[in-house]
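See below for the structure under consideration.
The values are calculated or read from the model by the stated rules, or taken from the named source; none is laboratory data. The structure displayed is predicted, hence computed values, not measured ones. With ideal geometry, Cβ positions are generated from the backbone for all residues, glycine too; neighbour counts draw on all protein chains shown. Just the protein is used for accessible areas: all its heavy atoms, side chains included, with ligands, DNA and RNA removed. Shrake-Rupley method; radii C 1.70, N 1.55, O 1.52, S 1.80 Å.
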Amino acid sequence: MVNLTIDGKQVAVEKDATIYDAAKACGIKIPILCHDKKLHPFGGCRMCLVEVEQMKGRLIPSCTTPVTEGMIVQTTTDEIVKARKLVLELLLLKHPIDCPVCDAAGDCDLQNLTYEYKVNMNRFVDEKFNHEIDYENPLIERDMNRCIHCGKCARICDEIVSYGAYTFINRGIEAKMGTEFDGPLNCEFCGSCVSVCPVGALNSRPFKFKARWWALQKTKSVCSYCGTGCQLTLGSKDGKVLTTIYDENQGFHNGQLCTRGRFGYQFVNSDKRLTAPLIRKNGKLQEATWEEALAEVTSRLSAGKSDPASVAALATPRLTNEELFLFEKLFRGTVGTDNIDHSAGFAHEALTKGAVASFGVAASPAEIADVQKSKLLLVVKSDAYETHPVIGFEINLGVKRKGIALRIVSDKKGKLTRLPGAKTTVHAPGSEVALFNALCKSVIDQGLAVEGVAGLDALKAAVADASAEKAGVTAEEIAALAKDFASAEKALIILPIGQGYPGHNAALANAAANLAILTGQVGKEGAGLLIMGEKNNSQGAVDMGIYPKGTGLNAAAILDGCANGNVKTLFVAGENPVVSYPNRKKVEKALENVEFMVVSDLFLTETAAMADVVLPACSFAEKSGTFTSLGRRVQNVRKAIPAVGLAKSDFEILNAISQALGGAGYNNQGEVFTEIAATVPAYKGLTQACLKDEGAVYPVALSAKLVPVAAKAAAPAAGKLALVTGSALYHCGTMSRFGEGPMYVCPDAYAELNVADAAALKIGEGDQVTVTSGTGAVQVAVKVGKRVPQGVVFSPYHFGEGSVNTITDGSEVTYVTVAKK
Ligand code: SF4
Ligand code: SF4
Ligand code: SF4
Ligand code: FES
């Protein structure tokens, strides 16, 4: 520790602290403009000047000056105040004083400091800038006339987002924060640069002229897209969510969000929201009252109580824990059916079957915090960045700032593969289990397995015939990766799961767990296996028991039951099987056949349009409760706006149905959480009050064991391409189609081909093609590049038009032909 005196206060700080950090630690506020705690110090604005006695009273920037023993620092002498006023005058020389029409007004550091330092006149005069404003995209407005050259946008885009869209161009008074060839912004549109810009140079366009910053009601909540569980602050007014507000003190991610969190909230206010219940009459869905709709649903479910096997229920893992708990209690308890599932059944099996077998818990053994504590990250599927972008930011940071080694095993390359020192092993599609088995064999053969690990003999026998060849990679790649992983001080496997990755979820979790257990990379910080559930409450859905138990049917069997008449009543809360479950035609046929289907949802989705009763549900912004993110963090979700139209929360819907059927009733969702804490062992002792803003990670007691798994033999089909599915950047499930940000970044379904395959098929970028499999055909536009290897075609699964589930059947790989339309 280093001891120093600031404004007469004694303070002891870590030796790598700056004077600014030390002042902050003892409650002394030094003004800053270019500094951000997440970014490398820049020292560009000179707003944070202080005086150090040992430096002969020279004024120095506190944000870049390290502390030294015995330093005596003054932060607000007359001379310092004078210098800061001068800095502000010089910044205001070129800066337009257009606060009345600037969206940053009220949230602008320059405006606030000008006010605080009473800079009400300027001794200098010069012409203002006349830069053209960049309005090319619908998400970010770039007005470089207001830029104060703090460099934060360029640093965050480089250091955390790893995109590198900005750089300073020109010199001296002509200097400008520019883009490639000084053209319009063309990037991932994550919005990180907008969040850190201290002035109104970078603005969120969806928020433009919507409200003054100070008129917004601010509500701390949790993003409702992916499983990362980023905390966010919703800015609302007049019953509408108008923006998400950056708060650098929120969450492990310091307020950073991806496009979905930053610009995807508009689905809440979409004019496509359902605002009243609908009942099918004479073949058409027609508006009805809640009384009519609920009477229809309860009478149907009441009849189902005498034949519970004829009732089935699917719920989206986007609901709160409280809603999912009620859902489970209603169907498993009151109605008596075990036919309950979510996410097409297979999307959670990595937890409910895989992790249970390998670690004795249906949860990820590792937490998000382990990413930064690790020494080597092994990312399965390059898409971890696409599926969980803020985890991608964490990986970027760890690799670039801490030198954490990065290894990727994937069927295609992705953004992570371009990080410094990253080594990517591109394997044959669908051969992930074979690859992990080959890694385990190599660990054993190289004598790198930890001694005395239980079940080693059975694993040895199971992987005896594993080989690099079966995974489509070289023996040298396997040997090197196995050695790197086993010899790392702490190694963490990152495995995204979700509906985009059908196939061997449980087996893959076991195969990955085997490598971690075999090499002793479990039960310590920065190591183990981080299974990343796709949706905001995927972990919560598992914790609340939303999967089949005993003889209950899983999602696929439920749909078979609908098709063959065994399932007569289907309750669907927020799922959209028509687009997101495999084999669209089969799903549609099943849903056409089921006697009675009720869907609660925000939108008239492809599935809701087929229902007999449609119940308008609330979004996350219209209700309170909890979500459990990947890595087991339970967090408070808070209501920001009233329900849209006549929509009701799924809590209200399920509570009303439960009471009508003679089941339990609750006065509010808080009572349900109390019951969760009393009955779900992992949540024991938790209260919504004790979760506060930061939430709580529930502990797990691991009992790790090797679980041998057989790799399915890859069966490439001659003359066909291997179709792999997954997430497109900034989409998540099918809900992101209603968010402006995700739809701007990626508006339509597409098929991505390798340049060589495209050339052989005489297909060019943007061409419309027909992709045909054994289950159907879709027409989509083509992207051509080197990201996917030869012989592989990639397509994301989020879209209704050209939906890829028309041509997939739930296998990890589907063989297809691609032909120009
Ligand atoms: S939006 Fe994101 S990717 Fe685009 S310039 Fe800003 S920080 Fe970089
Ligand atoms: S655009 Fe904003 S963040 Fe970027 S340099 Fe200018 S003032 Fe700083
Ligand atoms: S979508 Fe996921 S990564 Fe993006 S802000 Fe929301 S929780 Fe975070
Ligand atoms: S905040 Fe220290 S130089 Fe800008």
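Numbers at a glance
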{"read-out": "Subset of region 200-223 that is open to solvent by 10 Å² or more (accessible area, probe 1.4 Å) and small (Gly, Ala, Ser) - its residue that is nearest to ligand 4 (Cβ to nearest atom)", "value": "Ser204"}
{"read-out": "Candidates Ala713, Ala718 - the one that is assigned to a loop (DSSP other than H, G, I, E, B) and within 30 Å of Val450 (Cα to Cα)", "value": "Ala713"}
{"read-out": "Members of region 174-199 found to be away from ligand 1 (no atom under 14 Å from the Cβ), in contact (Cβ under 8 Å) with a residue 24 or more places away in the chain and either open to solvent by 20 Å² or more (accessible area, probe 1.4 Å) or under 17 Å from Asp36 (Cα atoms) (or both), listed by number", "value": "Lys176, Pro198, Val199"}
{"read-out": "Among (1) in contact with a Leu (Cβ under 6 Å, 6 or more places away or on another chain); (2) open to solvent by less than 40 Å² (accessible area, probe 1.4 Å), the one test that Val297 misses", "value": "(1)"}
{"read-out": "Residue in region 19-40 that is nearest to ligand 3 (Cβ to nearest atom), counting only those that are part of a loop (DSSP other than H, G, I, E, B) and open to solvent by 30 Å² or more (accessible area, probe 1.4 Å)", "value": "Lys37"}
{"read-out": "Qualifying residue in region 722-744 (condition: more than 27 Å from Leu257 (Cβ to Cβ) and open to solvent by 70 Å² or more (accessible area, probe 1.4 Å))", "value": "no"}
{"read-out": "Residues located in region 716-727, provided they are of a type in the set (Gly, Ala, Ser) and touching a residue at least 12 places away in the same chain (Cβ under 8 Å)", "value": "Ala717, Gly719, Ala722, Gly726, Ser727"}
{"read-out": "Single unsatisfied condition, Asn249 versus (1) in contact (Cβ under 8 Å) with a residue 12 or more places away in the chain; (2) farther than 28 Å from Pro616 by Cα", "value": "(1)"}
{"read-out": "Residues of region 511-524 classified as open to solvent by 10 Å² or more (accessible area, probe 1.4 Å) and either of a type in the set (D, E, K, R) or farther than 14 Å from Val450 by Cα (or both), total", "value": "1"}
{"read-out": "Candidate set from region 142-166 (those that are surrounded by fewer than 21 Cβ atoms within 10 Å (Cβ to Cβ) and more than 9 Å from ligand 2 (Cβ to nearest atom)); member that is nearest to Thr179 (Cα to Cα)", "value": "Ala165"}
{"read-out": "Flag for Pro61 being of a type outside the set (Asp, Glu), open to solvent by less than 20 Å² (accessible area, probe 1.4 Å) and either within 16 Å of ligand 4 (Cβ to nearest atom) or under 21 Å from Val87 (Cα atoms) (or both)", "value": "yes"}
